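Report on the structure given below.
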Amino acid sequence: MDKSIRHSRRTHSGGLLNDCNVGEKVTLAGWVNRRRDHGGLIFIDLRDRNGVVQVAADPKNKEAFKIAEKIRDEYVLSVEGEVSLRPEGTENPNLPTGKIEVIASRISVLNVAKTPPFEIVDDLNVDENLRLKYRYLDIRRKPMLDSLKLRHQVVTTVRNFLNDYGFIEVETPFLTKSTPEGARDYLVPSRVHPDHFYALPQSPQLFKQILMVSGIERYYQLARCFRDEDLRADRQPEHTQIDMEMSFVEQDDILSLVEEMMKRVFESLGMNLEIPFERLNYDEAMEKYGSDKPDVRFGMELVDVSKIVINSGFKVFDNVIESGGVVKGINAKGCGKFSRSQIDVLTKFVSVYGAKGLAWIQVTEDGEIKSPISKFFSKETIDSITKTLDANSGDLLLFVADKKEIACESLGQLRLHLAKEMDLIDKTTYKFLWIVDFPMFEYDENEKRHKAHHHPFTSPNEKTISLLDKEPLFVKANAYDLVLNGVEVGGGSIRIHSQDLQRKIFSLLGLSEIDINEKFGFLIEAFQYGAPPHGGIAFGLDRLIMLLAKKDTIRDVMAFPKTQTATCPLTGAPDKVTDKQLRELHIRVK
RNA sequence: GGGGGCGUGGUGUAGCCUGGUUUAACACACUGGCCUGUCAAGCCAGAGAUCGCGGGUUCAAAUCCCGUCGCUCCCGCCA
């Protein structure tokens, strides 16, 4: 007997009963999933965590029947009865418990329930705000329950795996110090220290590195991370990371350990996973897919046609190339019949990503070229373009001419958009991909300074470290992202463990000596006491579960997520507080 | 900060473009009744919305206009 089931009020879980239990007297507890009253016979589908079982109340048992007549959906019941095979012909093959039913000898109502604001059914279509307000009812639904069970399963497997590999789980503070760089912090005012604030951690990054200095060697934590930025379907103000750090390792050690871990996770879910994962360097990913998190479940790769179209006389293309830009294209296979207005929609789509236009060439069914720009090109050029993009009858070639980043990114997004529209993605597969050789820095046009692409604690690649002073944008980082089906599910790096190098990176990021000492002095100081070489990685647990559960948003795999405006419809957070609370915190509002 | 979509009984939608035969319709849920093999039970009857909110146009607004709020998707942002 499952330890999780037996209580004084329950001998069995109704959802787990089957024909092996026939003849047993059982006591069940659960919620009324549905009641079907036949006048002379009442069926109650009793639901618990494991599923639903049919309880039959017969008028022969007057007392139980009388109670069954008054029962409503979502009442909480205790039911005693005997497990019986259903009469022949009345089995329900759609239900795991469909061969049997429980003939009620006693029914008692443990609690009544109001009619819920929405039905407790698997296939629910209601406003998400309502679901969040009544999340406790939403979670009674099987898909939600399944998501939470899946999440638990994955977390358990990960913990077991890391424990097996000698990792120690260490908790790090929620109330910590606000540091520059990175996302906006959630701040917590200090009562004891007027004008001083804690910040909730964006990640345990600094603590886990310090734990390496402490000699923990292998650390992990299922860490809650807080970021006060705008929300998306895959971004919440608080999310959970599987956070790891190891001493005396190199990039390959971490990548292969992670591959083993993912393999184990997939195995625990009954799936096989091929390892090692494919690796792609950042430049190549941008070049071919226009993304640092490409979905490689389908092709439609980006092709650079700058060399073909250069000096062909088409001003728009020539000007872009002359000023250092590129012309890139994709082949939307089978979209050759797209109407002008359909293409207009695509043009609008790429404009969101900064593309100023979308050039196109249609290859019609009879192999004719249809295009507003073909008149600028010689037949040879057209042939060369179609050949390079592997264009056949019925294809649509789409081009963006712009700065390299814009051309790549907008076409990369278009590639994804078209793949979804044309249903090119095999949703049954999981394709992991490592992105490696990230740039160390990127230039922030607004702030007119370099920013760390990954984070300021990432070490530069030895081969490019000599460029730090002269050409920082060409320096590669020892950083790596794990991408699954086009979603960034993890990222990490080999860290800096030398105080001198760390100071240098900070100063390249525009931090003054004073800033460095004030904001990161404790880290630099720690590095002076024998910091081991170390590196690590962190996974977005919510995103990983989202993909495994085949959901479109991480909200569906979190018990109590926030709305897009970072509110909680269930509790009403955030909320005003009393003047007294504010006074104690030395805060004046407005 | 910006752009798109949505907002009509408890829930999901229709109606809106083209204002008036609409007493705001339909399905599910709900309430009562009938019914002993249903499992999306069935049948009969019933209750329930002044159309997110505010303002405007008009003889007349769910419908048109302006503003606003909420939800959502995206851009920016998210080392």
Conditions (1) over 25 Å from the mean Cα position of the chain (by Cα); (2) away from RNA strand B (no atom under 16 Å from the Cβ); (3) among the hydroxyl-bearing types (Ser, Thr, Tyr) -> A:SER351 fails only (2)
When A:PRO143 is run through (1) open to solvent by less than 70 Å² (accessible area, probe 1.4 Å); (2) within 15 Å of RNA strand B (Cβ to nearest atom), the failure sits at (2)
Among residues of the range A:340-361 being polar (S, T, N, Q) and either touching a strand residue (DSSP E or B) at 6+ places or on another chain (Cβ under 7 Å) or open to solvent by 50 Å² or more (accessible area, probe 1.4 Å) (or both), the residue farthest from A:ARG415 (Cα to Cα) is A:SER341
Flagged in the range A:246-256 as open to solvent by less than 50 Å² (accessible area, probe 1.4 Å) and either out of contact with any helix residue (DSSP H, G or I) (no Cβ under 9 Å at 6 or more places or on another chain) or free of Cβ contacts under 8 Å to residues at least 60 places away in the same chain (or both), in numbering order, are A:GLN251, A:ILE254, A:LEU255
Listed by range, helices (runs of 4 or more DSSP H) wholly within the range A:282-332 having at least 2 residues that are open to solvent by less than 60 Å² (accessible area, probe 1.4 Å), touching a residue at least 12 places away in the same chain (Cβ under 8 Å) and not aliphatic (A, V, I, L, M) are A:282-289
Selection from the range A:189-228 of residues in a strand (DSSP E or B) and more than 15 Å from RNA strand B (Cβ to nearest atom) yields A:PRO189, A:PHE197, A:TYR198, A:ARG218, A:TYR219, A:TYR220, A:LEU222
Only one of A:ARG36, A:ARG86, A:ARG47, A:ARG10 is under 25 Å from A:ASP146 (Cα atoms) and out of contact with any Gly (no Cβ under 6 Å at 6 or more places or on another chain), namely A:ARG10
Residue pairs qualifying under the 8 Å Cβ cut-off, at least six apart or on distinct chains, with the first in the range A:568-590 being over 24 Å from A:LYS133 (Cβ atoms) and the second being in a loop (DSSP other than H, G, I, E, B) and open to solvent by less than 90 Å² (accessible area, probe 1.4 Å), are A:LEU585/A:SER190; A:HIS586/A:PRO194
How many residues of the range A:174-188 are part of a loop (DSSP other than H, G, I, E, B), within 16 Å of RNA strand B (Cβ to nearest atom) and more than 24 Å from the chain's Cα centre (by Cα)? The answer is 4
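To keep it simple, each residue is scored yes or no on (1) under 28 Å from A:ILE254 (Cβ atoms); (2) at pLDDT below 95; (3) open to solvent by 20 Å² or more (accessible area, probe 1.4 Å); (4) within 13 Å of RNA strand B (Cβ to nearest atom).
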| position | (1), (2), (3), (4) |
| --- | --- |
| A:ALA407 | no, no, no, no |
| A:GLN413 | no, no, yes, yes |
| A:MET422 | no, yes, yes, no |
| A:ARG449 | no, yes, yes, yes |
Residue pairs qualifying under the 8 Å Cβ cut-off, at least six apart or on distinct chains, with the first in the range A:229-245 being near RNA strand B (Cβ under 6 Å from one of its atoms) and the second being open to solvent by less than 50 Å² (accessible area, probe 1.4 Å), are A:GLU229/A:ALA183; A:GLU229/A:PRO237; A:ALA233/A:THR553; A:ALA233/A:ILE554; A:ALA233/A:ARG555; A:ARG235/A:ILE554
All conditions in (1) free of Cβ contacts under 8 Å to residues at least 12 places away in the same chain; (2) within 30 Å of A:LEU257 (Cα to Cα) are true of A:ASP127 except (2)
Meets criteria (open to solvent by 20 Å² or more (accessible area, probe 1.4 Å) and either closer than 19 Å to A:MET300 by Cβ or modelled with pLDDT of 95 or more (or both)) for A:LYS337
yes
Selection status of A:ILE514, open to solvent by 40 Å² or more (accessible area, probe 1.4 Å) and either over 13 Å from A:MET440 (Cβ atoms) or at pLDDT 95 or above (or both):
yes
Taking the range A:271-281 and keeping only residues that are surrounded by fewer than 19 Cβ atoms within 10 Å (Cβ to Cβ) and touching a residue at least 40 places away in the same chain (Cβ under 8 Å), one is left with A:MET271, A:LEU273, A:GLU278, A:ARG279, A:ASN281
Taking the range A:1-33 and keeping only residues that are farther than 20 Å from A:SER84 by Cα and at pLDDT below 95, one is left with A:ASP2, A:LYS3, A:SER4, A:ILE5, A:ARG6, A:HIS7, A:SER8, A:ARG9
Counting only residues that are within 10 Å of RNA strand B (Cβ to nearest atom), hydroxyl-bearing (Ser, Thr, Tyr) and surrounded by fewer than 19 Cβ atoms within 10 Å (Cβ to Cβ), the range A:83-106 contains a total of 2
If we keep only residues of the range A:498-510 that are open to solvent by 20 Å² or more (accessible area, probe 1.4 Å) and in contact (Cβ under 8 Å) with a residue 40 or more places away in the chain, then the residue farthest from A:LYS448 (Cα to Cα) is A:LEU501
The condition from (1) open to solvent by 80 Å² or more (accessible area, probe 1.4 Å); (2) under 18 Å from A:ARG9 (Cα atoms) that A:ASN125 misses is numbered (2)
Of the residues in the range A:12-21 that are surrounded by 14 or more Cβ atoms within 10 Å (Cβ to Cβ) and part of a loop (DSSP other than H, G, I, E, B), the one that is nearest to the chain's Cα centre (by Cα) is A:SER13
Of A:GLU80, A:GLU74, the only residue that is open to solvent by 30 Å² or more (accessible area, probe 1.4 Å) and either at positive phi or more than 10 Å from RNA strand B (Cβ to nearest atom) (or both) is A:GLU80
Condition set modelled with pLDDT under 95 and charged (D, E, K, R), scope the range A:464-501, selection nearest to RNA strand B (Cβ to nearest atom): answer is A:GLU471
The number of residues in the range A:549-569 that are more than 9 Å from RNA strand B (Cβ to nearest atom), open to solvent by 20 Å² or more (accessible area, probe 1.4 Å) and under 13 Å from the mean Cα position of the chain (by Cα) is 5
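The values are calculated or read from the model by the stated rules, or taken from the named source; none is laboratory data. Remember, it's a predicted structure, so these values are computed and weren't measured experimentally. As a convention, Cβ positions derive from the backbone with ideal geometry for all residues, glycine included, and neighbour counts pool all protein chains shown. SASA here: full protein model, heavy atoms, side chains in, ligands and nucleic acids out. Shrake-Rupley method; radii C 1.70, N 1.55, O 1.52, S 1.80 Å.
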